[in-house]
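What follows is a single structure, written as structure tokens, with notes after it.
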Amino acid sequence: EEWLDLKDVFAVKLKRRRSAGQTKGGTLLGITLFVCRRRQRGHSRLGAAGPAGHDEGKLKEQPLHLGNSSEDHCQTWFYRIRAVLSGFPERPRRLLVFVNPQSHRKEAPELFASRVEPLFKLADIGTHLTVTEREGHALAELQTCDLTGFDGAWKKKRTRSLHSSSQRVFAALHASVHSVVCVGGDGTVAEVVNGLLLRAQRDVGTDPDGAFTPAPTHLPIGIIPAGSTDVVAYSMHGTSHAATASLHIILGHLLPVDVCSLAVRGRLLRFGFSAMLGFGGRSLAIAERHRWMPPNQRRDFAVLKALASLRPVDCEIGFLPASEGASGQTAEGAREDAAGLLWLHTSGDFLNVTVAAVPCRCAVAPRGLAPDTLLDDGSMSLIAVRSTSRAHFVKYLKRFGSSKSQPNPPFVDSMAVQAVRVTPRGHLSGEDGSSRWGDGEGETAGATDGRCFWNVDGVLLEETGEVHIRVHTRLVTLYGCSLGHDDEDAAMKCNCL
């Protein structure tokens, strides 16, 4: 017996045969349901360390044609099914969309127009499009614009009285907007997430400087991947397929996700999903100095250049284990802070330090840079790569290209933590064990004049002091989910009406 779950249906249309040039009327053939299907068999919980093949989470639209020539019969079924689809409270009806025209190969506007917007129109979802004009545009817009009527995916709020005509137009436009969508790479995602979270802190009167518990944002965020790596989108969807991301938004697949906060001397730097010091930061610094190169070539060049000048950073790492019984593989001591929390400490020369609240998956690392990381368990992964030979480090990097689970080599320490403090000690160590400052070539030095390069969600930060990273449970809600439908290539047809 075959059946169809209406939760997987995202649109219903009357099907008619029309002659060339005819836009209305036509011979009724029945109704068509547009169904979301998984392209490949097999799936695992997003963020878990299960099998991860290439593009394992890719979805597709599939039409289901129900043939019937009765106008009354088809109209009845059409309106009843549409009423059911409209009754799913988590599905957005209007979206505020930010498109970064500079992402990757500058193809984001065309990607949205050709692959994403048609799906939104098919599902009767309205959009208000903003094409960003500069770096930080979306960040500033989300903090300063009038967000009247923005009140979560299924929560509606009455608009207050507005007097000016421009305010009334803006409120009418946004009164039913349910979510914010960004089309771009990880940098665009970071802007939108930071903009909404900073706005949320301001709305509740929270001072982001100092020890604070951040308020979550109530607006769900959709991510249409259009960058070079798309780590956040890939971690959410298991693929960088734009149509898959669109279908998750249309169907309202909401998933709460943990977010990190980074602070220096009590001052909030930004929110983020991952941060890297050492090799990850240096390679990004090199890439930023060669933005004239095509994205893929720039990334490969930066990695090779960073490997050629590979050297560890001398730093001290303090961390709070995620579980009380954990002691950390390489902890050298413990210190109690003013709040009575017992911090474990380790120090030395590290080639790379990664702190991640998401698995950091991408096409070249299908299991992710932090494969054991879950999306919403209130912990983050701390992965510290100690100084080793260049050959061993390259071999370690190559492991990420495999979809199989592999144990860490002895020079890599990995643990689940609640908070991390990383204190660079101001110098780099050469392969011969000697200490040195940056070699004067800014693009290859990991710390020049005492500075250290941090890679935070693909955004380059330079900080000299101790960086305090904390994880905040379920601070944002993103669109992403694992379905699990069987793949069927042909459109299904029946005459059951």
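Each reported figure results from applying straightforward, stated rules to the coordinates on display, with no laboratory input. All values reported here derive from a predicted model rather than from experimental measurement. No Cβ is skipped: glycine too gets one built from the backbone with ideal geometry, and neighbour counts run over all protein chains shown.
Just a few scattered comments:
- Length-normalised contact order of the stretch 193-332 in % [C-alpha pairs under 8 Å, at least 6 apart]: 16
- Summed side-chain charge close to Asp209 - residues other than Asp209 whose Cβ falls under 13 Å, Lys, Arg +1, Asp, Glu -1: +3
- Measuring against 31 Å, Cα to Cα, the residue pairs Lys15/Lys58; Lys24/Lys60; Lys7/Lys404; Lys58/Lys121; Lys58/Lys398; Lys24/Lys106 contain Lys7/Lys404; Lys24/Lys106 as the ones spanning a longer distance.
- Protection proxy ranking for 369-381, 130-142, 395-407, using the average of other Cβ atoms within 10 Å per residue and placing the highest first: 369-381, 130-142, 395-407.
- Exposure proxy for Glu316, Glu107, Glu191: other Cβ atoms within 10 Å of each Cβ, ordered fewest to most, give Glu107, Glu316, Glu191.
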